[in-house]
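J.: Take this structure first; my questions come after.
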Amino acid sequence: MEQRVSLITLGVPDVEKAAAFYAALGWQAADSLDGVVAFDLISQTLGLYPLDKLAEDIGLPVEALGTGAMTLSHNTRSREEVDDLLALAKSAGGEILRPGGEVFWGGYIGYFKAPGGHIWEVAHNPFSPLADNGAFRWNGY
């Protein structure tokens, strides 16, 4: 197995509402099959899929999926971008769970919950600057 993640699929109870949220953040959906909304990212894709259909695909009852104990992270080029993105997420219908603030390791982070319950961390990590194209690598490029 190559060391990468190709597709992140989020099971959401309302695909249209979730898609509208990400569109309000400025993301553009790619052409896709019925029932799936896909956003191409830098070297990955984020897919939105009906929660009940995802549970069926996996072979679990929908109640077993919940939203999981994980976060998705979006790193920024500056601390100010963290606050700007949190404000944009709130105006798009997200719920701010933790406003931007300093953390013990020297970064600046905040969290929001997107429609569908998935939690995003927005982070500026001064020790992992982004590449010119926005790609992230632990400890930078």
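The values are calculated or read from the model by the stated rules, or taken from the named source; none is laboratory data. In this text, all values refer to a predicted model and were calculated from it rather than measured experimentally. FYI the Cβ positions are ideal-geometry reconstructions off the backbone, even for glycines, and counts take in every protein chain you see.
J.: In region 71-80, is there at least one residue being of a type in the set (A, V, I, L, M, F, W, C) and touching a Ser or Thr at 6+ places or on another chain (Cβ under 9 Å)?
T.: Within region 71-80 (the criterion being of a type in the set (A, V, I, L, M, F, W, C) and touching a Ser or Thr at 6+ places or on another chain (Cβ under 9 Å)), the answer is no, since none of the residues qualifies.
J.: For region 109-141, give me each residue that is in a loop (DSSP other than H, G, I, E, B) and basic (Lys, Arg).
T.: Listed by number, the list holds a single entry, ARG137.
J.: Within region 73-108, track down each residue that is in a strand (DSSP E or B), among the aliphatic types (A, V, I, L, M) and modelled with pLDDT under 95.
T.: LEU97
J.: Looking only at region 35-66, count how many residues are within 23 Å of ILE96 (Cα to Cα) and either in the same structural domain as PHE127 (by TED's automatic domain parsing) or exposed (fewer than 14 other Cβ atoms within 10 Å of the Cβ) (or both).
T.: Residues that pass the stated criteria total 1.
J.: Testing GLU121 on (1) under 24 Å from LEU10 (Cα atoms); (2) in contact with a Pro (Cβ under 7 Å, 6 or more places away or on another chain), one condition comes back false. Which one is that?
T.: All conditions are met except number (2).
J.: Still on this structure: Looking at PHE21, PHE39 in this structure, which one is at pLDDT 90 or above and in a strand (DSSP E or B)?
T.: PHE39
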